Amino acid sequence: MTDPENNYLAEGFVGYRHDMRERYADAGLFADRPLWESVQAAGLARPDSPAVTDPAGTLTYAELYAAAAERGAGFAEWLAPGERVVLQLQNTVEFAVTLLGLLRAAVVPVMSLPAHRIAEIAHLAEASGAAGYVCEDTRPGVDYRELAAELQSRVRGVRHVFVHGDPGPHSPLPSASDHTPATVDPDEPALLLISGGTTGAPKLIPRTHNDYWYNAQCSIEATLLAPGDVYLTALPAAHNFPLCCPGVLGVLGVGGHVVFTENPSPDNTFGLIEKHGVTVTALVPALAQLWTAARTWEPADVSSLRLLQVGGALLTESDARAASVAFPGALQQVFGMAEGLINATRIGDDDEILARTQGRPISAFDELRVVDEDGAAVAAGEPGELLTRGPYTIRGYYRAEAINRRGFSPDGFYRSGDRVRVRADGYIEYVSRLKETIVRGGENIAPDDIEEELLFHPAVREAAVIGLPDDALGERTCAVVVTSGTAPSLPELRTFLLGRGLARFKLPDRLESVSSLPYTAVGKVDRKAVKAGLLE
Ligand code: AMP
C-alpha cells in the first residue's frame, strides 16, 4: 500500500521494531486482517440482533453492515485508500456506519472530537494531510458547514466535505453499491486518534488494524464482554476509551448492542439504561460523580448496569467508594492513554483495589518501567514516570519526528508523562502528571507545545521552555534555544510562533540563546537544570 503518488500515510509512520513484531506475531496476538473485518465477524453471525441504536432508531447487524458497505463504496468513489479524512460526528448511528465505511474503503479517519473548532480541525487536517472532512450540519451554537468552508479556504488539500444532515453547499454522506473493500496491510494505520493534551496542538496517534483489534480483544477480556451486553456510549465516541476499551468497536466485535446518546446527564441516561437494559458504560470521573449523586433522586431502574468504567482522569478514593455504593459491584477504574497502554481493575477485585488503584495492564505483553528524572528505574513501589511498550502501544506519533525523539526511549518505550507507583501486586496507583506545566496569569502552558513549534524555526536547533517566577503573572515563559547561524530576536520569534498558530498567551516573554542545553541520561532536555542555570 505504500504509494508515493498518493502521499501515502506510511511516510511519517513508525512501525514495530522487527524483533518485537516477531515476538507478538509468534504469540498469535494479531488477527492479520482489516480492522473492520475483525469487528464485523461476530455480528455477521447474528444478522437480526440489534447492533446500534440512537434516538432516531435501531439498525440490526444485517442493516448496519449493509449500510457500512454502501458508505464504504460511496467513499471509494471520492477518496483513494490511504488518504486521510477528518471525522467529526456526534454520538449517532451514523458515526458507526461512517467509521466502518471509511475503514472498508481503507480511508484513514482522523478521530476529531465534537468540541474541536476551526483551529483544531485545521491543525488536524494539515498535520494529517487530510483530503476530506466529515461533519454534522449543525449543533447548538455551531454550523459545521461554515466551519468546513473556512477549513477548505485554510487547508487546500481538503477536497471533499461530507455532511450528515442538510449538506448546504457540500456533499451528503456518500453511498454506492458494488465495491470490493480495499486491501490493507494490517500493520499499517487503520485510524488516527488524537492525543489527550488539553493545551496546544493535538498530536496524531496512528493505530494499526492489528494493534487496535488486539486492544479491543484485551478490553473485551478485561470486561468479560459478551453478546448479551448493551453498551451506552455516553462519552464522545471518537475518544479511545468509548471507542475501543472495549467501547463501540469491542461491543460490535462481540455482537452486543451499542446505544448512542449525545447527552450524558443522568436525567437522560438513566432512562436509557432502563429502556434498553444497558449493562456497560464508560464515564470520566466528573460524570461518575454526577451519576453517583443522581442515584438519590433519579427514579429510573438502573440495576441492569453490571459494569461502570471510570477513567480518563483520576477518580479520587472517596468518589470511587461512593460510586461503588451507588452502583454495587459495577465500578471498574481504567487508566489508559490513546497512545496505547490500558490498565483496568477487574471484576471481583476487592474494595481496596477498586477504591485506591487505577488497575493493571490489560495485556500480559505490556511492559512497564517506572523511572526517575535521570531515567533510572526507581525502587519497587516508589513513584516515578511511567514508560511503556507493548503490542498495542505506538512507537511514534504520526509525522512528528522531532516530538518522537523526545517522547520515546531509544528502545521504543513511550514516555507517558504520568507519575505512578506500581504496587507489589502489580496494580498501579496514579500519582500526578509530571510537573512541567507553566502557569502564567492563570493559563496552563505545556512547555512541550512551545518547544515543538520553536524547532520549526530554521535557526533553532534545540529548545527548552521554562517558567520563571514573576510577581504579576505568577510565572512568565522563557525560551532557551541553541541556534545555528544568527540567533533570532525575541520579537522575531514571537512573530514566527504567532504565524504558526500558537495562542498569544503561549508566546515566550523572554529569550535566552545558549551554546548547549543540558540533557538527562535518557536524552530528555533537563528543564530543571536549565532553570537552575538561569536563576543562579
Ligand atoms: P488520552 O490520550 O486522551 O487517552 O489521555 C491519556 C492521559 O489521561 C493519561 O496519560 C493520563 O494522564 C490521563 N488519565 C487517563 N486515565 C486516567 C486515570 N484513571 N487516572 C488518572 N489519569 C488518567
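The values are calculated or read from the model by the stated rules, or taken from the named source; none is laboratory data. Given the structure is predicted, the values throughout are model-derived calculations rather than measurements. As a convention, Cβ positions derive from the backbone with ideal geometry for all residues, glycine included, and neighbour counts pool all protein chains shown. Ligands, DNA and RNA are stripped out before the accessible areas are found, and what is left, the full protein with its side chains, is counted by its heavy atoms. Shrake-Rupley method; radii C 1.70, N 1.55, O 1.52, S 1.80 Å.
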Legend entry - Subset of segment 461-473 (residues that are under 30 Å from the mean Cα position of the chain (by Cα) and open to solvent by less than 50 Å² (accessible area, probe 1.4 Å)): Glu462, Ala463, Ala464, Val465, Ile466, Gly467
Legend entry - Filter result (at pLDDT 95 or above, assigned to a helix (DSSP H, G or I) and in contact with a strand residue (DSSP E or B) (Cβ under 8 Å, 6 or more places away or on another chain)) within segment 6-35: Leu35
Inset, instruction - Identify, by number, the condition in (1) touching a Phe, Trp or Tyr at 6+ places or on another chain (Cβ under 9 Å); (2) under 27 Å from Val258 (Cα atoms) that His160 doesn't meet. - result: (2)
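Residues of segment 309-334 being open to solvent by 20 Å² or more (accessible area, probe 1.4 Å), modelled with pLDDT of 95 or more and not basic (Lys, Arg), which ones?
Ala322, Ser324, Val325, Pro328, Gly329
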Legend entry - Filter result for the condition that a residue is of a type in the set (Asp, Glu) and modelled with pLDDT of 90 or more, over Glu352, Glu373, Glu451: Glu352
Legend entry - Boolean, Ala364 is within 12 Å of the ligand (Cβ to nearest atom) and more than 18 Å from the chain's Cα centre (by Cα): no
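One line per residue, one yes/no per condition, for (1) farther than 26 Å from Val14 by Cβ; (2) open to solvent by less than 10 Å² (accessible area, probe 1.4 Å):
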site	(1), (2)
Ala176	yes, no
His179	yes, no
Leu193	no, yes
Tyr212	no, yes
Cys218	no, yes
Tyr231	yes, yes
Leu235	yes, no
His257	yes, no
Ser265	yes, no
Inset, instruction - Those residues that are more than 19 Å from Val334 (Cα to Cα) and either crowded, with 22+ Cβ neighbours inside 10 Å or out of contact with any helix residue (DSSP H, G or I) (no Cβ under 8 Å at 6 or more places or on another chain) (or both), I need them from segment 361-382; list them, please. - result: Val371, Asp372, Asp374, Gly375, Ala376, Ala377, Val378, Ala379, Ala380, Gly381, Glu382
Legend entry - Residues that are over 14 Å from Ser128 (Cα atoms), open to solvent by less than 50 Å² (accessible area, probe 1.4 Å) and of a type outside the set (A, V, I, L, M, F, W, C), drawn from segment 146-163: His160
Legend entry - Flag for Ala216 being part of a helix (DSSP H, G or I), at pLDDT below 95 and small (Gly, Ala, Ser): no
Legend entry - Top-ranked residue of segment 341-356 - restricted to ones that are assigned to a loop (DSSP other than H, G, I, E, B) and either surrounded by 15 or more Cβ atoms within 10 Å (Cβ to Cβ) or among the acidic types (Asp, Glu) (or both), ranked as nearest to the ligand (Cβ to nearest atom): Thr345
Legend entry - Long-range neighbours under 6 Å by Cβ, at least six apart or interchain, first residue closer than 12 Å to Val420 by Cβ and touching a residue at least 60 places away in the same chain (Cβ under 8 Å) within segment 334-346, second part of a loop (DSSP other than H, G, I, E, B) and more than 9 Å from the ligand (Cβ to nearest atom): Leu341/Asp366; Leu341/Thr393
Inset, instruction - Count, please, the residues in segment 387-412 that happen to be in contact with a Lys or Arg (Cβ under 9 Å, 6 or more places away or on another chain) and not in a loop (DSSP other than H, G, I, E, B). - result: 8
Inset, instruction - Scan segment 85-107 residue by residue and report those that are over 16 Å from Pro174 (Cα atoms) and crowded, with 24+ Cβ neighbours inside 10 Å. - result: Asn91
Inset, instruction - Report yes if Ser175 is out of contact with any helix residue (DSSP H, G or I) (no Cβ under 7 Å at 6 or more places or on another chain) and under 28 Å from Pro242 (Cα atoms), otherwise no. - result: no
Legend entry - Extreme residue, surrounded by the fewest Cβ atoms within 10 Å (Cβ to Cβ), among residues of segment 276-292 that are within 14 Å of the ligand (Cβ to nearest atom) and not in a helix (DSSP H, G or I): Val284
Inset, instruction - Filter segment 220-262 down to the residues that are of a type in the set (D, E, K, R) and in a loop (DSSP other than H, G, I, E, B), then identify the one that is nearest to Tyr61 (Cα to Cα). - result: Asp229
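Yes/no per residue for (1) in contact with a helix residue (DSSP H, G or I) (Cβ under 9 Å, 6 or more places away or on another chain); (2) closer than 30 Å to Val334 by Cα; (3) open to solvent by 50 Å² or more (accessible area, probe 1.4 Å):
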{"position": "Ile438", "(1), (2), (3)": "yes, yes, no"}
{"position": "Asp448", "(1), (2), (3)": "yes, yes, yes"}
{"position": "Phe456", "(1), (2), (3)": "yes, no, yes"}
{"position": "Glu475", "(1), (2), (3)": "no, no, no"}
{"position": "Leu493", "(1), (2), (3)": "yes, no, no"}
{"position": "Arg504", "(1), (2), (3)": "yes, no, yes"}
{"position": "Ser516", "(1), (2), (3)": "no, no, yes"}
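Which residues, taken from segment 319-340, are within 15 Å of the ligand (Cβ to nearest atom) and at negative phi?
Matches in segment 319-340: Asp319, Ala320, Ala323, Leu331, Gln332, Gln333, Val334, Phe335, Gly336, Met337, Ala338, Glu339.
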Legend entry - Breaking point among (1) open to solvent by 10 Å² or more (accessible area, probe 1.4 Å); (2) closer than 26 Å to Arg23 by Cα; (3) part of a loop (DSSP other than H, G, I, E, B), for Arg415: (3)
